[in-house]
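Beneath this line is the structure, given in structure tokens, with notes to follow.
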Amino acid sequence: MVDEPLPENVNQVVERRKTIADPPGYELPLLLFAGFRSLIDKLHAELAEQGHPDVRPAHGFAMQAIGAEGATASDLGRRLGVSKQAAGKTIDRLLSLGYAERADDPADARRKLIRLTPHGFDALARSAAIFDELRAEWARAIGPDRLRDLESALRTLIPPGSIRLDAAGWLSGA
């Protein structure tokens, strides 16, 4: 015979977990994602204040993937983990906002490169400076040693080469 749970303790599994010293495993990815989201949201609020109100997270990933040398639409799609068509839509948006431009590829006249404009480079430079300030905020909040320990621990846990720009494709399941 199974003992009936007490009415005030209907979810005994959850209640039992509360007595365990370590938090539940699902909390770790949520905390990591919330930290990421917090940084990205603050970055974009500050970018808007600094003259880049239309930049979205996907644009930042795309501009990083375009890089200083430029990229074709196919290259961009591969780097972001999205289809060429999805990359094309992002490119069109970056072009319309003035962050990128089309240029002839000096290595192959049949191809067009997408290159960042001075406006695009400015957005990336401002992003880098803002990220430095956000990191400094975290260091003030938890202490510089704890922040360095956190970063070191994450570097230990994350396999080499696994930091990629294809977060948009990964999050969408593409």
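For LEU80, the conditions (1) within 17 Å of HIS119 (Cα to Cα); (2) surrounded by 15 or more Cβ atoms within 10 Å (Cβ to Cβ); (3) out of contact with any strand residue (DSSP E or B) (no Cβ under 9 Å at 6 or more places or on another chain) all hold with the exception of (1).
Report whether or not ILE66 is touching a strand residue (DSSP E or B) at 6+ places or on another chain (Cβ under 8 Å) and open to solvent by less than 60 Å² (accessible area, probe 1.4 Å). Yes: the conditions hold for ILE66. Name every residue in the stretch 56-76 that is hydroxyl-bearing (Ser, Thr, Tyr) and in a helix (DSSP H, G or I), in order of residue number. Matches in the stretch 56-76: SER74 only. Filtering the stretch 27-55 to residues that are open to solvent by 50 Å² or more (accessible area, probe 1.4 Å), touching a helix residue (DSSP H, G or I) at 6+ places or on another chain (Cβ under 7 Å) and not in a helix (DSSP H, G or I) leaves GLN50, ASP54.
The values are calculated or read from the model by the stated rules, or taken from the named source; none is laboratory data. Just so it is clear, the structure is predicted and the values come from calculations on it, not from any experiment. No Cβ is skipped: glycine too gets one built from the backbone with ideal geometry, and neighbour counts run over all protein chains shown. Just so you know, the surface numbers come from the protein's heavy atoms only, side chains and all, with ligands and any DNA or RNA stripped out. Shrake-Rupley method; radii C 1.70, N 1.55, O 1.52, S 1.80 Å.
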